[in-house]
Amino acid sequence: MTLAFDAILIATVLAVAGWTIAARETFAAVIGFVAYGLLLALVWVRLAAPDVALTEAAIGGGVTGVLLLGGAARLRGVVAAPDAWPAATLRLAAAALSATVAAALAAVVLLLPDPAPTLAPEALASLPATGLGNPVNGVLMAYRALDTLHEKVVLVLALIGVWSLAADRAWGGIPGQRRPTRRDDALVFLARLLPPVGIVIGVYLLWAGADEPGGAFQGGALLAAMWLLAMMAGLVTLPAVSSRWLRLALVAGPALFLAIGLAGFVIADAFLAYPEAWAKPLIIVIEIALVLSIAATLGLLVAGPPEQAPPR
Amino acid sequence: MSALFGLAGAALVGLGLYGLIVHPEPLRKILAFNLLGSGVFLLFGVIARRGAAAGMGADPIPQALVITGIVVAFAGSALAVALLLRLHQISGRADLGADSAPPAGNGPT
């Protein structure tokens, strides 16, 4: 029964993936990609990784989908000239190369060592010292906290990169195009109905992440989605990117993370180490600051570079 | 069991790589690159699943790496889309053909 379910799920995932490559219309391909992200989340559930499933559904499918949809809408009507397609021989060569890479990876999968190496017992054994109950969150916030800190810095750097693409007259201005004045009543209704629920679920994901699947990424992505929804319906206007409180919100998470990490030299015995009695409160304080920064950064990354002049 | 998902991940990498090379539209290349990345993540997921031990369904370390990877992949995609839209805004084109002189009087505004 489950084998049949898995086989059908994999067939659907591969079919939708093929569609996103083969579809003629970019818009249709992007819609396919959103569906693909949601199906992939199901695959992650089947792989006993609910934390990854939540992240894939929220960021891989959801927020990336909105980003690509926005790009496709702006580039509507721009179609590659027929002669821009590579010649048949080159396409054949590309297909052969791709098939070879896929076959090599498939061989690796089939030849993986048995029994598989695992760090699960070690991760579980040290978990009480962090005060957390979710081992994935333990890896993210304690054992491999350095990766998570780097990732937060990457997010902020990507946003600086996006902002630096602004035209001169919009430098430091308001991200995105001015919204059309025509109100889309269904969208406004949804944007009023969903955020109260979404915000509660987002905060719950953050809080529950200590012991259950969830965490700062998933909660932050959901908060960002609610912000984007209200943004698209025209219910909230974005602040100018030169606004001080906005920049403060963006760096609060990584900065606090780094500060507590540096304090680890004094209060514990290493960078990003927590004293055992204080581990859980410190992690929760970091996560609360992170969730705000993640939500703000993800939302602004989707909104794009400033396109309206800053208010005088 | 999980090998089936591993094979699917390998196929996704192949599909994404093909789209990345062949598609002339940059937005479709970004999409294909995301497909390729998700295939790699899926391979990680299979390795995590095989590492199930100590009462856990999967090894938490690869899972945490994948979560970090998904977020970084999104940041890269957002930067790529912003670069593409800016290229379109300045030059009126959205392709990666050979560079030509930009039309006069249509520089950065």
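For chain A, a Gaussian network of Cα nodes joined below 10 Å ranks A:Leu69, A:Leu298, A:Leu119 by mean-square fluctuation, and the top entry is A:Leu119.
Would you work out which of A:Pro305, A:Ala273, A:Ile260 lies farthest towards the positive end of the dipole of the range A:184-312, given +1 charges on the beta-carbon of Lys and Arg and -1 on that of Asp and Glu, about the Cα centre? Of the candidates, A:Pro305 comes out farthest on the positive side.
The three principal axes of the Cα atoms in the range A:1-117 give end-to-end lengths of 52, 35, 27 Å, sorted in falling order.
Each pair of Cα atoms in the protein assembly as shown enters the Kirkwood radius, and Stokes-Einstein at 37 °C and 0.692 mPa s then converts it into a translational diffusion coefficient of 145 µm²/s.
Among A:Ala106, A:Ala296, A:Ala17, the largest mean-square fluctuation in a Gaussian network model of chain A, built with springs joining Cα atoms closer than 10 Å, belongs to A:Ala106.
Structural descriptor for chain A: relative contact order 21 percent, calculated from alpha carbon pairs under 8 angstrom and at least 6 residues apart.
Going 7 Å from the Cα of A:Thr237 along its beta-carbon direction, which residues of the range A:160-174 have the amide nitrogen within less than 12 Å of the resulting point? Correct set: A:174.
When the Gaussian network model of chain A links Cα atoms closer than 10 Å, the mean-square fluctuations of A:Ala93, A:Ala259, A:Ala48 top out at A:Ala93. Working note: 222 nm ellipticity from helices only, DSSP H runs with n ≥ 4, each -39,500 (n - 2.57), summed and divided by the residues of chain A, gives -21500 deg cm²/dmol to the nearest 500.
In the range A:94-197, what trypsin sites (Lys or Arg not before Pro) fall in a loop by DSSP, with at most 13 other Cβ atoms inside 10 Å? Sites meeting the loop and neighbour criteria: A:Arg178, A:Arg182, A:Arg183.
With neighbour counts taken as other beta-carbon atoms within 10 Å, the residues A:Asp211, A:Asp114 rank, fewest first, as A:Asp114, A:Asp211. Look at where the Cα atoms of the range A:80-111 and of the range A:1-70 average out, and the two centres are 21 Å apart.
Structural descriptor for the range B:2-91: relative contact order 27 percent, calculated from alpha carbon pairs under 8 angstrom and at least 6 residues apart. Cα centroids of the range A:248-263 and the range A:281-312: 13 Å apart. Other protein chain C-beta atoms within 10 Å of residue C-beta, averaged over A:148-154: 3. Here the gap between A:Leu146 and A:Leu111, fully extended at 0.36 nm per residue and compared with their Cα-Cα distance, gives a gain of 9.4 nm.
Distance between the pseudo-spin-label points of B:Gln89 and A:Leu248 (7 Å out from Cα toward the beta carbon): 2.8 nm. Taking the number of Cβ atoms within 10 Å of each Cβ as an exposure proxy, the fewest-first ranking of B:Ser38, A:Ser243 is A:Ser243, B:Ser38.
Read the figures in this text as sums done on the coordinates, not as results from a lab. Everything numeric in this text was worked out from a predicted model, so none of it was measured. Cβ atoms come from the backbone with ideal geometry, glycine included; neighbour counts cover every protein chain shown.
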